[in-house]
Amino acid sequence: MVPRPHVFLICVDALRADCFDPDAMVWSEGGSPATPALDELAAGSMVWTRAFSSSSWTKPSVPSMLTSLHPSEHGVLEVERRAGQGASAAALPDGVATLAELLRDQGYRTTGIAHNAQLDPTLGFDRGYDSYTCEGGTGDEIIARLLTLRPWATGPSFNHLHLIDPHWPFSRSVQERAEADSGGRFPFHRMRAPAWKELKADLKHGRVTLAEDESRFLRHVYRLAVEDVDRALRRLFVELSATGILEQSVIVFTSDHGEEMLDHGLVGHGQSLWDELIRIPLFLRVGNATGVTWPGPRRVDNELASHVDLLPTLAAVGGWKPTHRVAGRDLLAEPSPPFVFAEVKHKRRYRQAVTDGRWKLVRTYIFERELDDQGRSAADTNNLEELFADRPRRVERELYSLERDPGERRDLARVEPEAMKRLEAALDRWWEGRSPRGQHTRALEEELIRRLEALGYL
């Protein structure tokens, strides 16, 4: 009898799908990141070229990976800060099974090593793990920690890694290597939260435009960070191969979302649903000693995939039989859906997107501002359930042809009625009867608030 395979879920924060496309326009100067370790992983994997995140930033997207629920279903949407009242954030809802819990129930030893304050244990992200931290450090430090623990030594293991290196602020390694090329007004490699947030706001409101050399430097710094991740993961893959664990493992490699690098004039993530934010890399490698049936390494160009597919796929590898409804599918056993969906809530705007891989519709609900008794802006609640129940709103729609206009420059909502009708009908069916989950918010301690501030979230 073949032992149950080890399972690795490797997520790199803010990693664009086109980091693996040397012909992508964003890399026309300087080239795409050099990623030999990940290129080798991809060569031995199924690689979905039409994979999409469930949202455009970490807080909503990682819960979708872990629960196979869309953000409006699991309710983990935003961090909220109110003047004089500290900050609160939604936690993983009770009663929703996570991938780690399902695999632990199957006898797996479960390990989670991340570096992102959004994934703090106080918000439920440690559920199901025998060992968990969200302060794992750089990619190198995360890999070193995992290789010290060696969870696979005692039986089937689930190893969930969340590396943050490409996410601003950048590591000391990137800062040192980028310094010689720095110049212009914006030292992206050394920026801290106040300056980064100011730049994002200035770009959004048209107060600043980056010169071409500044734009090149921004991409250069990001490229260095991605290459750091690749070097860290090479150490992991070499060790797994040398010890025979690689061929006993099923590995999923992906990102939680992409990153804007002036594609639409902005930087960062979390405010929109452009493809530079919601298209993600997705590799699935099945070792030849796992006993898992799969079609072998290949590009998958004609199927859609989503974050919500990760739980049913990896839980099935570990022996789990579906006992509750999930939003996704087993990528190794079930056919591709006709559409996938994404959503993001940012202050008073809630955006939904639907795509069939050729067309994409984005529908935005803009809720009216609420004022308190003194005429000041009151809390723009992050709770979708309350907003849809109580707040007046208007709706905007955008339609893009991803085949003819992959940069999403021309809104065709008024000139392509058939595509518009078909995609909005799909979005309506998806949304119909869906009661947005109320958030299970928890007050944040000062130390966690400081860590979130350092990442630019508050």
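When the pairs 204/360; 59/360; 59/197; 200/421; 197/347 are compared against a 26 Å limit on Cα-Cα distance, 200/421 fall above it. Of the trypsin sites (Lys or Arg not before Pro) found in segment 1-91, the ones in coil according to DSSP and having at most 11 other Cβ atoms within 10 Å of their Cβ are 82. Seen through its C-alpha gyration tensor, with square-root eigenvalues sorted a ≥ b ≥ c, segment 345-431 comes out prolate because a/c lies at 1.5 or above while a/b is bigger than b/c. Give the residue list of trypsin sites (Lys or Arg not before Pro) in segment 300-369 that are DSSP loop and have at most 15 other beta-carbon atoms within 10 angstrom. Those satisfying the criteria are 325, 347, 358, 369.
Projecting each Cα onto the charge dipole of segment 1-152 (Lys/Arg +1, Asp/Glu -1 at the beta carbon, about the Cα centre), which of 88, 108, 54 comes out farthest on the positive side? Of the options given, the answer is 108. Exposure proxy ranking for 420, 65, 46, 25, based on other Cβ atoms within 10 angstrom of each Cβ and starting from the fewest, stands as 25, 420, 46, 65.
For segment 12-113, the list of GluC sites (Glu not before Pro) that fall in a loop by DSSP and count at most 14 other C-beta atoms within 10 angstrom reads 29.
All C-alpha pair distances within the chain, sorted into 10 Å bins from zero, spread as 4, 21, 33, 28, 13, 2, 0, 0 percent across the bins. One chain, two ends: residue 293 and residue 39. Fully extended at 0.36 nm per residue, the span grows by 89.2 nm beyond their Cα-Cα distance. Dipole orientation for the chain: of the candidates 182, 269, 128, 128 has the Cα lying most toward the positive pole (charges on Cβ; Lys, Arg +1; Asp, Glu -1).
Since every read-out is calculated from the coordinates, none of them should be taken as a lab result. None of the values given here were measured: they were computed from a predicted structure. Reconstructed Cβ throughout: ideal geometry from the backbone, glycine too, with neighbour counts over all protein chains shown.
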